[in-house]
Amino acid sequence: MKKFALLFVLLMSLAAVLLAACGGSSGSCGSSSSGTNSGSTPTVHMCGNNFVQTSITISKGQSLTLVDDASAGHVIANGSWVNGSAQPGQEPGAPVVNNLQFNGNDAHTIGPFNTAGTFHLYCTVHPGMNLTVIVQ
């Protein structure tokens with residue numbers, strides 16, 4: 001009976017460690033810095049299989065920095081997921097984003113966004129992972 005109790009405690013400890021590593025909220029993944037201060041580059045964080053925020057408003061002429069806060073890789077492109085189906089496409093005036101690779105715990109800057117409008121970016125790896133960029 002003591003062996004069973006010890007095995008149970010070990011398994012529960014392992015499960016807690018795995019949950020913390022894979023799905024828990026870690027420090028930087030919960031933050032969403034919009035970087036709207038003058039002179040700063042607007043920033044959107046990615047954590048696991050989603051953007052921390054699903055839309056951002058920036059000024060015409062600004063670039064956008066995407067930060068991958070987790071070890072998960074991402075491939076970002078123009079377009080969006082619609083009803084579970086990838087819809088690649090570039091709106092007129094959008095900067096070209098053609099399979100921008102993130103390998104985890106890295107960042108890339110997109111832009112500048114020189115045309116006012118609404119633009120869509122998505123992760124080709126994670127269904128439903130969409131970002132709307134509103135340029136004013």
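Of the residues that sit in the range 58-72 and are modelled with pLDDT of 95 or more and of a type outside the set (A, V, I, L, M), which one is surrounded by the fewest Cβ atoms within 10 Å (Cβ to Cβ)? Walk me through it before giving the result.
Residues of the range 58-72 modelled with pLDDT of 95 or more: 58-69.
Remaining after also requiring of a type outside the set (A, V, I, L, M): 59-63, 65, 68-69.
On the way: Ser59: 13, Lys60: 13, Gly61: 11, Gln62: 18, Ser63: 13, Thr65: 17, Asp68: 21, Asp69: 20.
If we take residues in the range 58-72 being modelled with pLDDT of 95 or more and of a type outside the set (A, V, I, L, M), then Gly61 is surrounded by the fewest Cβ atoms within 10 Å (Cβ to Cβ).
Restricted to the range 86-110, and to residues there that are open to solvent by less than 50 Å² (accessible area, probe 1.4 Å) and small (Gly, Ala, Ser), the residue that is nearest to Val125 (Cα to Cα) is Ala86. Note on the range 90-121: residues that are part of a strand (DSSP E or B) and closer than 18 Å to Asp69 by Cβ amount to 8.
The values are calculated or read from the model by the stated rules, or taken from the named source; none is laboratory data. Keep in mind it's a predicted model, so treat the numbers as computed, not measured. As a convention, Cβ positions derive from the backbone with ideal geometry for all residues, glycine included, and neighbour counts pool all protein chains shown. Quick note on the areas: whole protein, heavy atoms, side chains included, nothing else; ligands and nucleic acids left out. Shrake-Rupley method; radii C 1.70, N 1.55, O 1.52, S 1.80 Å.
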